[in-house]
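For reference, the structure is listed below as structure tokens.
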Amino acid sequence: MRQDGAIGLRRLSRGHALVVGGTGMLRGVVTWLAEQGWAASVVARGRERLLALRDEAEGLDGSIRPIPVDYRDSGALRAELLSAVRSAGPIRLAVCWIHSTAPEAPGVVAEVLRRQSTPCRYFRVRGSPARDPSVPDSHDALLHGMGPPLLYRRVILGFRRDDGGSRWLTDSEMASGVIEAVRGDSERTMVGTTEPWSARP
Ligand SMILES: NC(=O)c1ccc[n+]([C@@H]2O[C@H](COP(=O)([O-])OP(=O)(O)OC[C@H]3O[C@@H](n4cnc5c(N)ncnc54)[C@H](OP(=O)(O)O)[C@@H]3O)[C@@H](O)[C@H]2O)c1
């Protein structure tokens, strides 16, 4: 069941969006958000890739705001996100691709979002060659359990089966899948498949 009743994403005016881990396979999601008029704050460590992404948004309706921080440093991540909210307003949409090397980071992001009274859709992107990402984990329980104003959404990255074999998704397929999840405001989106898990590449 949707947590937010009939509030569709299209009915919200564009505003401040956050993409954590946005300079890699989610680059296409960041530029799509800027095309759509969002002010997108992007977390990653590498300044050069962040600045290149920001420059790509020149001339678009929206903008890209680099946040160069290591999300394994919870204190620094929290401070940077709070600063972004102060300067660009409440975050209405978050897309988070966070490695398991930072087990605290999903909760830090959620904590900042929950301080806002404004509803925020939190799309957590999961994908791993090591374990089936469609199996809910402790972060799913925590984030789903928080409830409004945090509206939790899951995007699961699987693999493709073709010609009797299988392969991992391309960056473009992953970015397109995340964009479709955001456009549809789906609670759970599967990109590719995870079944059977034994058929993965
Ligand atoms: N199911 C699938 O098919 C599947 C699933 C997952 C991945 N993959 C493949 O694996 C490739 C590599 O995945 P990836 O996640 O390593 O690369 P990625 O998506 O290309 O990059 C990860 C993003 O997170 C940022 N990041 C990483 N560690 C960070 C940290 N500690 N603090 C802040 N930001 C951090 C990176 O920027 P910085 O490095 O600058 O910090 C980058 O923006 C993908 O491009 C994809 O092809 C496939």
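Any read-out appearing in this document is the output of simple, stated calculations on the displayed coordinates, not a laboratory observation. Since we're looking at a predicted model, the values are computed, not measured. No Cβ is skipped: glycine too gets one built from the backbone with ideal geometry, and neighbour counts run over all protein chains shown.
Dipole magnitude for segment 9-193: computed about the Cα centre from +1 point charges on Lys and Arg Cβ and -1 point charges on Asp and Glu Cβ, it is near 440 debye.
Helix-derived [θ] at 222 nm for the chain: sum -39500 (n - 2.57) over DSSP H runs of at least 4, divide by residue count, nearest 500?
Working: 6 runs with 67 residues, N = 201.
Result for the chain, helices only: -10000 deg cm²/dmol.
Quotient of the Cα radius of gyration of segment 9-193 and 2.2 N^0.38 Å, N being its number of residues: 0.98.
Phi angles of segment 144-152 translate, via the Karplus equation with coefficients 6.51, -1.76, 1.60 and θ = phi - 60°, into HN-Hα couplings of 5, x, 5, x, x, x, 8, 10, 7 Hz per residue; Gly and Pro are given as x. Note on LEU142 and ARG161: the extension gain reaches 3.6 nm, defined as 0.36 nm multiplied by sequence separation minus the Cα-Cα distance.
Dividing the Cα radius of gyration of segment 32-89 by its Kirkwood radius returns 0.99 for Rg/Rh.
Could you check what % of the DSSP bridge pairs in the chain are antiparallel, to the nearest 5? Rounded to the nearest five, the antiparallel share is 15 percent. Per-peptide packing, taken as the mean over residues of other Cβ atoms within 10 Å, places 164-173, 15-24, 77-86 in the sequence 15-24, 77-86, 164-173 from highest down.
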